Amino acid sequence: MTDGRRLDYNLVETTLDNGLRVCVQPDPVAPAVAVNIWYEVGSFDEDPTRTGFAHLFEHLMFQGSNNVASGEHMALVEANGGSVNATTSTDRTNYFETVPRGALDLALWLEADRMSSLAITAENFAAQREVVKEEKRQRYDNQPYGDLLELLVAQHFPADHPYGHLPIGSMAHLDDATLDDVQQFFDDWYRPSNARLVLSGPVEADEAFDLAQRYLGQVPRRDRPDHATAPVPALPSRDTTTHGNVPHPLVYLSWNTPPAAHDDHLPLDMALSILADGHTSRLHKAVVRSRRLAAEVHAASLPHLRSTSITTLMARPTDGISTDVTAAALVEELARFAEGGPTDEELARAIAQYERDWLLQLATVEGRSDLLNDAWLTFGTPGHVNQHAAELAALNVDVVRDAVRTHLLATPSTLHYLPSEVSL
């Protein structure tokens, strides 16, 4: 697996006559089969004046269809010993079940019924709009730092940019939406030609294709919708301060970095791990333990497919230290890293940590099917999973250093998030 060797998952693909793309990964010893559908629609595809629709459908898709009552989709899957869920991001919405092999027909039939005849009624829309509002209150409005991600996004994208709003969307937009608006969104994006189905588990490719054709192949064909391209944002770096009812000050440095498919994305991930992952990381040793300018340091990336991603460094200043001082220390250490690069030992540790987490996800049919669909959308082929280990093993300290020099030495946008009674 390591030392540049490729994985050898057997991946068999076809496209049904109605445009649905299907990939099968046979695994005869798996205890269950994963049914993983990605619709290529997320908050990126929304009208900036009608946001929140992509996430709304994550809920509406479980509210019934011609032959399935509201809530029955989940109930049927769970009654047959399976699990089911869905998620929404900027670039896709995915729906996934993991079921015993004998329930595969049921899972595909359920997916086909809601793809072709989702029950978009005034009652369902009103009920799920309230569910979404409650979710926003719990996860964003009533949480310390709940608006943090929205503030970070606003530093890098104008409000009318496709990546300028979060998948949760605007509750005001949902309140103003009509049933026709919601139906039109479904008609525009929920069609076979805009979906990818991955099946992973104890089923052979020919049988899986026959089952996909029997159920999902009967959904009428509609041409693949047009997906807009996104301009690279031209916003200058910003230094902003916000106050809130939060327990500690935080400071975030962030940069626009390449899209998820770019060659520098993986080296940047390794750099972030070396800089801020755990007590042996560069920033923890330098800024937390040695200089005592921060109580904790973290790094993260918000990847996008069609325009720039966002890369962040976050620190919680030590009591009595201003966010300006802590931010300056992060910049200093980042410049030092860019000058000398990581050591071989640091890079080997980061690769081992990444590889461990990645292999753990691949170990289950649920995780594997999702990684295959992710690779399919991001790189254009699910087969990218088979070469990803080789890409990881091929990294060296110069590549990681150069990626940091190229993308993280520009003046960052800085967000100071302070408790209400604290000033800079």
Taking 199-210, 349-360 and ranking on average Cβ neighbours within 10 Å, highest first, one gets 199-210, 349-360
Distance in Å, no decimals, from the C-alpha centre of region 72-104 to the one of region 364-424 is 27 Å
Only helices counted: for the chain, with every DSSP H run of 4 or more residues adding -39500 (n - 2.57) and the sum spread over all residues, [θ] at 222 nm is -12000 deg cm²/dmol
In debye to the nearest 20, the charge dipole size for region 2-218, taken about the Cα centre with +1 at each Lys and Arg Cβ and -1 at each Asp and Glu Cβ, equals 340 debye
Taking 0.36 nm per residue of separation between residue 300 and residue 150 and subtracting their Cα-Cα distance, the length gained on full extension comes to 52.5 nm
Magnitude of the Cβ-charge dipole (Lys and Arg +1, Asp and Glu -1) of region 239-419 about the Cα centre, nearest 20 debye, reported as 380 debye
Over region 323-424, the quotient of the Cα radius of gyration and 2.2 N^0.38 Å is 1.45
For region 310-424, the charge dipole (Cβ of Lys, Arg +1; Cβ of Asp, Glu -1; about the Cα centre) points to a positive end, and the Cα of 411, 380, 341 closest to that extreme belongs to 380
At q = 0.23 1/Å the base-10 log of I(q)/I(0) from the Debye formula over the alpha-carbon atoms of region 259-298 is -0.66
Among 168, 23, 184, the residue whose Cα sits farthest towards the positive end of the charge dipole of region 2-218, when +1 is placed on the Cβ of each Lys and Arg and -1 on the Cβ of each Asp and Glu, is 23
Checking rank on 366-372, 15-21, with mean other Cβ inside 10 Å and highest first, the result is 366-372, 15-21
When all Cα-Cα pair distances of region 2-218 are considered, the percent exceeding 26 Å is 41 percent
So for the chain, using the alpha carbon gyration tensor with a ≥ b ≥ c as root eigenvalues (a/c under 1.5 gives rounded; past that, a/b versus b/c decides prolate or oblate), I'd call it oblate
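Tally Lys/Arg at +1 and Asp/Glu at -1 over every other residue whose Cβ is under 13 Å from the Cβ of residue 291; what's the total?
+3
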Ordering 270-276, 342-348 by per-residue average of other C-beta atoms within 10 angstrom, highest first, gives 270-276, 342-348
Carbon and sulfur atoms account, in whole percent of the 1.4 Å probe accessible area of region 2-218, for 47 percent
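Please get the size of the charge dipole for the chain, origin at its Cα centre, with Cβ charges of +1 on Lys and Arg and -1 on Asp and Glu, quoted in debye to the nearest 20.
Using only the charged Cβ atoms, the result is roughly 820 debye.
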Dividing the mean separation of Cα pairs under 8 Å (6+ apart) by the residue count of the chain yields a relative contact order in percent of 23 percent
Taking every alpha carbon pair in region 227-359 and sorting the distances into 10 angstrom bins from 0 up to the bin holding the longest one, the percent per bin comes out as 11, 38, 34, 15, 1
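Could you state the accessible area per residue of region 2-218 in Å², with a 1.4 Å probe and every protein chain left in place? Each step should come with its number before you reach the end.
On the way: 8640 Å² over 217 residues.
Solvent-accessible surface per residue comes out at 40 Å².
The values are calculated or read from the model by the stated rules, or taken from the named source; none is laboratory data. Keep in mind it's a predicted model, so treat the numbers as computed, not measured. Neighbour counts are summed over all protein chains in view; Cβ atoms, including those assigned to glycine, are modelled from backbone coordinates with ideal geometry. Calculation scope for accessible area: heavy atoms of the full protein, side chains included, ligands and nucleic acids excluded. Shrake-Rupley method; radii C 1.70, N 1.55, O 1.52, S 1.80 Å.
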